[in-house]
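The values are calculated or read from the model by the stated rules, or taken from the named source; none is laboratory data. From a predicted model like this one, the values you see are computed outputs, not experimental measurements. Ideal geometry is used to build each Cβ from the backbone, glycine not excepted, and the neighbour counts take in all protein chains shown. All accessible areas refer to the heavy atoms of the entire protein, side chains included, with ligands and DNA or RNA removed. Shrake-Rupley method; radii C 1.70, N 1.55, O 1.52, S 1.80 Å.
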Amino acid sequence: MILRWLQMVDEVHGYALSGQDPAAYRLLRTNDGGRRWTDITPGAGAIHPNGPISVVGRTTMVFSTKLRKGVFAVERSDDGAHTWHRSLVFSDRRGQGIGQPFAVDARHLYVALDEGAAAGSQGQALYTSSDGGHSWRFVSRTDVSRVRPRTLPFGCDKSGFGFSTPSRGWAGGYCAGGYPFFYRTDDGGHSWRRQSLSGVAQCACEVSAPRFFTPRIGGLYVMGFTMNGGGRPFLRVYWTRDGGTHWRASDPHAGRATGAVSFADSRTAWVGANPPGGIRGPFNRLFRTSDAGRRWQTVKLPFDVEGYQLDAVSATVAYALRAVDGSSSIRLTRDGGRSWQTIRAVGSGS
């Protein structure tokens with residue numbers, strides 16, 4: 001069994017994707033902390049997630065699927081994957097792939113369509129649902145020409161969208177130079193404007209799509225290199241408590257981060273990196289906060305975290321999966337990263 005992506009809901013329950021072919025991933029569930037996994041792929045194993053799923057609470061799940069070229073749908077379950085409901089099919093002739101759907105609340109969801117990339121630029125379209133994912137409508141897309149005002153630019157790779165309410169949201173991305181890619185909408189994604197972030201000037205850096213825990217409380221991160229890529233590595237984690245009007249920066253004093261920041265909750269975040277000032281490996285430091293970035297703890301890891309997906313569950317519990325090339329082994333810590341045990345994942349029929 002090769003796992004490619006992992007999300008634990010708590011220390012016992014979680015979900016994963018397995019397989020080598022991204023077009024044929026299997027959806028798995030564990031009820032014993034990651035040791036045994038049951039295949040819950042819908043349609044008797046015929047409906048495959050296009051990528052990571054979104055889990056809301058313990059029983060609601062949504063994922064995207066590409067049916068054929070330019071044709072997409074979203075699958076939803078509200079009973080822990082016992083039954084699934086497919087959305088109305090929607091088409092976009094520019095659409096090459098579909099991202100992970102996210103829920104603002106029980107009725108309002110959004111998803112990004114990939115419309116192709118070229119030399120550090122990427123097209124993206126935003127679709128939204130206001131009936132719980134049953135039907136989807138087009139909102140806006142990036143503009144190559146920039147003729148239309150207040151649209152997202154084609155330049156820079158995209159990191160997706162994050163919404164605090166059905167109308168207020170942000171778009172993140174990676175730029176090889178210039179100002180960070182961070183845009184805000186107040187009309188549900190129809191128009192966009194750049195929003196600055198304190199403590200970050202011109203850089204070669206990625207801004208994540210924000211993750212919101214309530215309509216007012218959320219977090220995001222920026223990582224990369226200063227001076228348009230010619231400077232030192234840096235990482236900033238930002239929190240908001242006013243729905244994104246203001247973002248407070250926090251510096252873990254890390255070296256080069258090796259993967260996404262994992263938010264366990266509105267106050268807790270984990271990230272792997274190398275020591276301060278470092279550019280090359282080994283990436284054997286864990287930086288962790290449980291007070292929304294006011295203080296950071298640093299732990300030396302017993303393994304190189306490069307290529308791992310960190311999945312933080314709480315201030316003390318986290319899982320780590322080597323997702324870059326897939327693995328059947330999962331690492332688990334229950335003491336804030338000081339010690340780790342290895343779990344061998346097996347199928348329910350193994």
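Among the residues of region 92-112, those that are closer than 14 Å to SER140 by Cβ and in a strand (DSSP E or B) comprise TYR110, VAL111, ALA112. Scan region 302-310 and tell me whether some residue there is open to solvent by less than 60 Å² (accessible area, probe 1.4 Å), in a strand (DSSP E or B) and not hydrophobic (A, V, I, L, M, F, W, C). Yes; the residues of region 302-310 include at least one that is open to solvent by less than 60 Å² (accessible area, probe 1.4 Å), in a strand (DSSP E or B) and not hydrophobic (A, V, I, L, M, F, W, C). Put simply, of ASP265, ASP304, ASP242 the only residue that is of a type in the set (Asp, Glu) and over 30 Å from THR185 (Cβ atoms) is ASP304. CYS156 meets the conditions (1) open to solvent by 10 Å² or more (accessible area, probe 1.4 Å); (2) closer than 26 Å to ASP291 by Cα; (3) in contact with a Gly (Cβ under 8 Å, 6 or more places away or on another chain) in every case but one. The failed one is (2). Total residues in region 12-49 satisfying the condition of being crowded, with 16+ Cβ neighbours inside 10 Å and either in contact with a helix residue (DSSP H, G or I) (Cβ under 6 Å, 6 or more places away or on another chain) or outside any strand (DSSP E or B) (or both): the figure is 11. Listed by first and then second residue, the pairs linking a residue in region 116-141 that is free of Cβ contacts under 8 Å to residues at least 24 places away in the same chain to a residue that is assigned to a loop (DSSP other than H, G, I, E, B), with Cβ atoms under 8 Å apart and 6 or more places separating them unless they lie on different chains, are GLY116/ARG94; GLY116/GLN96. Mind listing just one residue for me: the one in region 113-130 that is part of a strand (DSSP E or B) and open to solvent by 50 Å² or more (accessible area, probe 1.4 Å) and, of those, nearest to ALA73 (Cα to Cα)? So, considering only residues that are part of a strand (DSSP E or B) and open to solvent by 50 Å² or more (accessible area, probe 1.4 Å), the one nearest to ALA73 (Cα to Cα) is ASP114. Any residue in region 298-318 that is of a type in the set (Asp, Glu), under 15 Å from the mean Cα position of the chain (by Cα) and more than 21 Å from PHE225 (Cα to Cα)? Within region 298-318 (the criterion being of a type in the set (Asp, Glu), under 15 Å from the mean Cα position of the chain (by Cα) and more than 21 Å from PHE225 (Cα to Cα)), the answer is yes, since at least one residue qualifies.
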